[in-house]
1. I'm trying to understand the selection: among the residues of the range 389-398, which are outside any loop (DSSP other than H, G, I, E, B) and either within 16 Å of ligand 1 (Cβ to nearest atom) or of a type outside the set (D, E, K, R) (or both)?
2. Applying the selection to the range 103-132, what residues are of a type in the set (Asp, Glu) and surrounded by fewer than 23 Cβ atoms within 10 Å (Cβ to Cβ)?
3. Any idea which of ALA294, ALA287, ALA230 is at pLDDT 95 or above, assigned to a helix (DSSP H, G or I), within 21 Å of the chain's Cα centre (by Cα) and surrounded by fewer than 18 Cβ atoms within 10 Å (Cβ to Cβ)?
4. Residue by residue through the range 261-275, note down the ones that are near ligand 1 (Cβ under 9 Å from one of its atoms) and either free of Cβ contacts under 8 Å to residues at least 60 places away in the same chain or in a strand (DSSP E or B) (or both).
5. So which strands (runs of 3 or more DSSP E) stay within the range 137-183 end to end and still have 1 or more residues that are farther than 20 Å from ASN270 by Cβ?
6. Do you know which residues across the range 307-357 are within 27 Å of THR418 (Cβ to Cβ), over 14 Å from the mean Cα position of the chain (by Cα) and either assigned to a helix (DSSP H, G or I) or among the aliphatic types (A, V, I, L, M) (or both)?
7. So for the range 394-412 (the condition being within 16 Å of ligand 2 (Cβ to nearest atom), more than 26 Å from VAL140 (Cβ to Cβ) and among the small types (Gly, Ala, Ser)), does at least one residue qualify?
8. Give me the residue from the range 370-388 that is buried (at least 24 other Cβ atoms within 10 Å of the Cβ) and either more than 16 Å from the chain's Cα centre (by Cα) or acidic (Asp, Glu) (or both) and, out of that set, nearest to ligand 1 (Cβ to nearest atom).
Amino acid sequence: KIIQLKDYRPSDFLIDRVELDVRLDPHATRVKATLTIRPNPEGRADAPLVLDGDELNLRSVSLDGRALPSGEYETGPQFLSISQPPRQAFTLEIETELDPTANTKLMGLYRSSGNYCTQCEADGFRRITYFLDRPDILSVYTTRIEADRDEAPVLLGNGNPVESGAIEGTNRHFAIWHDPHPKPSYLFALVGGRLGHVGKSFTTMSGRAVRLKVYVEPGKEDRAHYALDALERSMRWDERVFGREYDLDEFNIVAVSDFNMGAMENKGLNIFNDKYVLASPETATDADYANIEAIIAHEYFHNWSGNRVTCRDWFQLCLKEGLTVFRDQEFSSDERSRPVHRIAEVKTLRARQFAEDASPLAHPVRPQQYREINNFYTATVYEKGAEIVRMLKTIIGEGDFRRGMDLYFDRCDGTAATVENFLDAFATVTGRDLSHFARWYSQAGTPRVTIRSTYDEAAQTYRLDFAQATAPTPGQPSKEPMAIPVAIGLVAQDGSSLTATSERVSPQGVFMLDRAQDSLSFSGVTSRPVPSVFRDFSAPVRTSLDLTNDDLLVLLRHDTDAFNRWQAAQTVAMRLLIGLAERTSVPDGDFDRLAAALRTFLESDARRDPAFAALVLTLPNEADVAQEIGANVNPDAIHRARRELRRMIGTVCAEPLLQLYEELADQGPYSPDAASAGRRSLRNVSLDLLAAADARQGERRAQAQFETASNMTDRLASFGVLMTLPGEAREAAIAAFGRRYADEPLVLDKWFTLQASIQEDGTLDRVRRLMEHPAFSISNPNRVRSLVGSFAMLNPTQFNRADGQGYEFVADMVLRVDPLNPQLAARLLTAFGSWRIMEPERLERARSALRRIAQNASLSRDVGDIVQRSLEET
Ligand code: ARG
Ligand code: ZN
């Protein structure tokens with residue numbers, strides 16, 4: 001069944017209040033729901049009441065206190081319907097029973113390491129009780145939770161704690177929570193278990209005292225301090241930057257070890273995948289710390305962008321996700337280094353979203369239809385959704401952006417809103433017509449902008465001719481032009497400043513490209529400049545520019561825009577990698593010039609901003625190159641090309657790299673701050689390039705670092721370098737790492753990931769062996785993703801083995817995981833997203849693996865949907 005955006009209609013009934021009484025039990029949890037229901041004035045007058053359910057066991061149902069006889073309702077595991085409900089307000093009492101221990105889908109109420117927890121977004125609440133499980137039904141919830149004291153000493157719910165106590169004559173106890181803010185069912189949560197916590201109190205800008213707590217497995221409290229600190233900083237930041245204040249007496253975060261996604265913004269009770277909470281210098285890398293900070297902020301920011309203002313229907317998912325990603329990106333940029341963070345955002349966007357846009361799974365930021373909503377928690381909805389908000393800010397400016405956000409929160413507070421409501425706020429504030437801009441939400445695909453430049457020396461004018469086009473995507477064969485903000489500047493060849501002007505460039509340096517073709521002229525240009533376009537990556541587009549490598553190296557050296565300095569080096573490297581991979585002729589001098597430019601950069605600039613330097617020194621990865629080539633891809637050739645270019649750069653830059661490596665050696669106690677992390681990343685990039693140039697010395701250096709490292713960042717980086725160097729040292733390091741962290745599942749995940757990423761023929765067997773490792777578990781999403789997911793997503797030569805065995809293995813795993821956890825299986829399957837760009841032999845092998853999955857009769861809707869779309873001809 002396909003659900004369409006155009007078919008939306010308001011619910012026929014509303015549920016104003018929900019009282020839940022949940023008696024936790026490992027196999028027979030009883031849920032009594034008391035629902036206060038009334039007809040919706042905007043609904044149909046004579047409609048039946050049809051509640052959603054999923055794998056539920058109904059025990060009893062009564063209406064206004066009267067047990068309903070079986071003739072007055074119909075029910076099955078998926079629904080409960082009453083054909084003649086009262087036409088005024090009434091109370092429905094439903095009792096259901098469920099088995100949380102058997103719930104391997106990790107949706108609804110389930111157990112993780114013995115603790116009870118829930119995940120309701122998008123449609124898991126219907127696995128707890130029969131309900132109108134849709135986001136436009138907003139209700140006030142009161143939850144009573146009861147459990148055995150030994151099994152679940154801690155009982156948490158949404159909102160504020162009201163009451164708790166013992167149940168006389170038993171070993172059971174209870175807690176009652178009340179959430180005064182009306183919310184959709186997907187934000188419901190409860191937790192019961194044995195948990196330790198760290199906490200502190202926080203005073204909001206208006207003086208409200210809030211207790212903050214982070215709950216973790218007992219004994220791991222020490223590893224929760226960073227998350228707690230990130231929460232406090234997020235709360236302060238949202239007050240300062242968006243004027244948003246927290247609205248309950250408590251804010252609780254719980255870390256669980258079995259979780260399908262990163263985390264969940266349940267009102268007042270965020271539930272997290274423990275890998276995004278737990279951190280210590282010995283077990284977490286700098287990247288882990290940065291992710292924890294960003295995800296803690298993301299879920300907290302949802303309190304306004306998601307919870308106070310929620311979504312009318314799931315087509316509006318980007319309304320909360322795109323906006324909240326934008327907000328967490330801004331937070332991280334303020335807390336860390338803005339240009340460095342921007343480059344990281346763009347790398348993710350290109351790797352995940354551009355790839356998705358180019359794949360059979362391409363869809364608009366606001367999809368027009370879906371079969372399974374859980375398959376739309378995608379890079380397009382999240383990351384491209386955030387880019388749209390960023391473009392809006394670029395176009396209207398900071399002041400109007402903030403005024404528009406205030407108006408949006410003001411107007412829509414307490415409602416289930418749409419993308420139109422969001423854009424209307426900005427249209428009101430600016431008086432602009434945003435209807436063309438709105439196309440970013442409805443048209444899928446990454447626009448390609450082609451730019452040709454002409455310099456007229458006599459007239460001292462410089463002209464740029466722009467053209468934009470977007471390739472067809474599923475369901476959208478022909479495309480309209482987009483409204484593209486082009487942040488632009490001209491750079492003189494010698495770096496001196498240019499005073500060229502054009503009236504079509506705003507004072508903030510933005511040119512709006514909103515037609516298929518347009519041109520832009522500058523006057524008063526005294527020498528041929530190099531254009532710096534899409535500064536700070538002002539729009540999510542691909543660019544073709546008629547610049548020479550020498551022009552680009554001018555930008556690397558002189559551009560005032562840090563993003564474009566990085567971009568320039570990437571573009572040159574990309575050209576050289578493609579030349580090497582496709583054996584097309586690249587003038588030898590070009591390799592030397594890139595290496596020499598990087599050497600100069602290392603000597604003169606690297607120390608000023610080590611984190612930025614590390615990014616400049618990191619070549620586009622193999623998947624980026626494959627995407628850029630776009631058809632008839634041979635992953636082995638790309639792998640060889642990248643190794644070769646790293647070798648050349650490592651050789652030419654050996655001296656400054658070695659100097660940096662020694663100079664940046666670990667100083668003092670570990671701190672996860674951005675500056676320290678930047679120094680570590682530059683040092684570790686140096687280690688890698690040096691090893692690419694000289695394997696024997698590199699191995700010794702990496703081995704020494706591996707043995708003496710005082711933190712996980714340095715240990716893992718050297719371990720990663722060793723993985724690229726076959727031999728005894730590598731196998732010894734693998735064994736040592738495995739022993740050292742035998743009791744640390746999150747660290748073993750890194751160990752699984754790096755082994756699954758080894759680009760050698762033996763890796764598939766290694767992965768198969770590791771599946772027998774005692775720490776591996778097919779039912780834990782983090783384990784499956786780190787071993788099988790990494791093989792499929794991070795190992796292009798082995799997943800895409802010419803003999804097709806990589807594809808067959810991943811297909812087997814998808815089929816094995818699907819009956820247990822469809823969401824996890826569907827995610828794994830998205831690894832096949834780029835199968836159509838492969839060379840014909842691999843392409844056929846991928847197709848046959850996909851067909852084998854598709855032929856399976858008992859596929860989940862999640863996997864069925866992905867496999868069907870993956871195979872469809874566009
Ligand atoms: N709203 C969560 C977040 O982005 C993601 C939850 C998605 N869960 C799911 N089962 N689809 O913060
Ligand atoms: Zn989110």
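The values are calculated or read from the model by the stated rules, or taken from the named source; none is laboratory data. From a predicted model like this one, the values you see are computed outputs, not experimental measurements. Note that we place each Cβ from the backbone using ideal geometry, even for glycine, and neighbour counts take in every protein chain shown.
1. Taking the range 389-398 as the starting set, the residues that turn out to be outside any loop (DSSP other than H, G, I, E, B) are 389-396, 398.
Those that are outside any loop (DSSP other than H, G, I, E, B) and either within 16 Å of ligand 1 (Cβ to nearest atom) or of a type outside the set (D, E, K, R) (or both): VAL389, MET391, LEU392, THR394, ILE395, ILE396.
2. ASP123
3. When all the criteria are applied, what remains is ALA287.
4. Answer for the range 261-275, where residues must be near ligand 1 (Cβ under 9 Å from one of its atoms) and either free of Cβ contacts under 8 Å to residues at least 60 places away in the same chain or in a strand (DSSP E or B) (or both): GLY262, ALA263, MET264, ASN270.
5. Values: elements: 139-148, 154-157, 160-166, 172-183.
Once the strands (runs of 3 or more DSSP E) in the range 137-183 are filtered for at least 1 residues that are farther than 20 Å from ASN270 by Cβ, what remains is 139-148, 160-166, 172-183.
6. Within the range 307-357, VAL309, TRP314, PHE315, GLN316, LEU319, GLU330, PHE331, ASP357 meet the criteria.
7. no
8. That would be GLU383.
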